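Everything below concerns the one structure shown next.
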Amino acid sequence: MSPVILGTAAAGLFCIGRYDQKIVPDIKMTAVTAAAGIAGSRLLCWYMGPGEMLPRLLLSVVIGCLLLACLTDLAIYRVHNFVWWTAGGALGLLLFCGGGVYAERLWKELPGILIFCILQLAVFGRMYGRADCYAFCVCAAAEALMGMEPADFLSHMYFSFLLLVLVQAGRKNISSNGRLREPVPFLPYVTAGFYFTLIFDKICCETVVPLS
């Protein structure tokens, strides 16, 4: 799945460079993106198992879109809307082609997804950029299709903000009133938070013993 993830990000950069602004990541950023793509591929295999090829393929496209959003957020401080259209299209194909289990999961968690997305766009959008809101909404839909619940959507936000605070505190970029001294791109933390949410949910599912 690594070629799909990295290929999605590379194709997105090509499209942006051809029709808007050329973005050429430096060596460090290229290496970090490649490592994140490989990690995302391994994480999907571990979380979903080796048998679900089509779902892993389509979710790899979603992760590729997240990495593309990180690159553009870091380079030009914005994310093109087609990134979220592509991720949403991949999730739509998963819902259509993945079998009835994915429709059941989405229907079960649909109220939670809608409430979460409304909160993102109406409330949390005042705290961070609209692209960050879209990223959380796309991830919530992906998490629901993977069998997670609204509590996991909130866990994703928690992990993202925790990583932001830890990293920026280490860089002494947090003032005494708790605000960032200098704004930083948030999408890399959203993407990392998505990874941590998968890890956390997988560990919890394997360690919690159901009541008989």
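The values are calculated or read from the model by the stated rules, or taken from the named source; none is laboratory data. Please read these numbers as outputs of a predicted model, since none were measured by experiment. All Cβ positions, glycine included, derive from the backbone under ideal geometry; neighbour counts span all protein chains shown.
Structural remarks
- Of all residues in segment 112-144 being assigned to a helix (DSSP H, G or I), over 16 Å from the mean Cα position of the chain (by Cα) and β-branched (V, I, T), the one that is surrounded by the most Cβ atoms within 10 Å (Cβ to Cβ): I115
- Subset tally (residues that are hydroxyl-bearing (S, T, Y), without any contact (Cβ under 8 Å) to a residue 40 or more places away in the chain and part of a helix (DSSP H, G or I)) for segment 145-184: 2
- Checking segment 123-134 against the condition returns a match, with at least one residue being touching a Lys or Arg at 6+ places or on another chain (Cβ under 9 Å), modelled with pLDDT of 90 or more and farther than 22 Å from L43 by Cβ.
- Segment 80-104, subset without any contact (Cβ under 8 Å) to a residue 40 or more places away in the chain and of a type in the set (A, V, I, L, M), residue nearest to D132 (Cα to Cα): A90
- In a residue-by-residue description of segment 151-166, the property of being surrounded by fewer than 18 Cβ atoms within 10 Å (Cβ to Cβ), at pLDDT below 95 and charged (D, E, K, R) applies to no position.
- Flag if I118 is touching a residue at least 12 places away in the same chain (Cβ under 8 Å) and β-branched (V, I, T): no
- Test: residue in segment 106-114 that is under 28 Å from A9 (Cα atoms), touching a residue at least 24 places away in the same chain (Cβ under 8 Å) and out of contact with any Lys or Arg (no Cβ under 8 Å at 6 or more places or on another chain): yes
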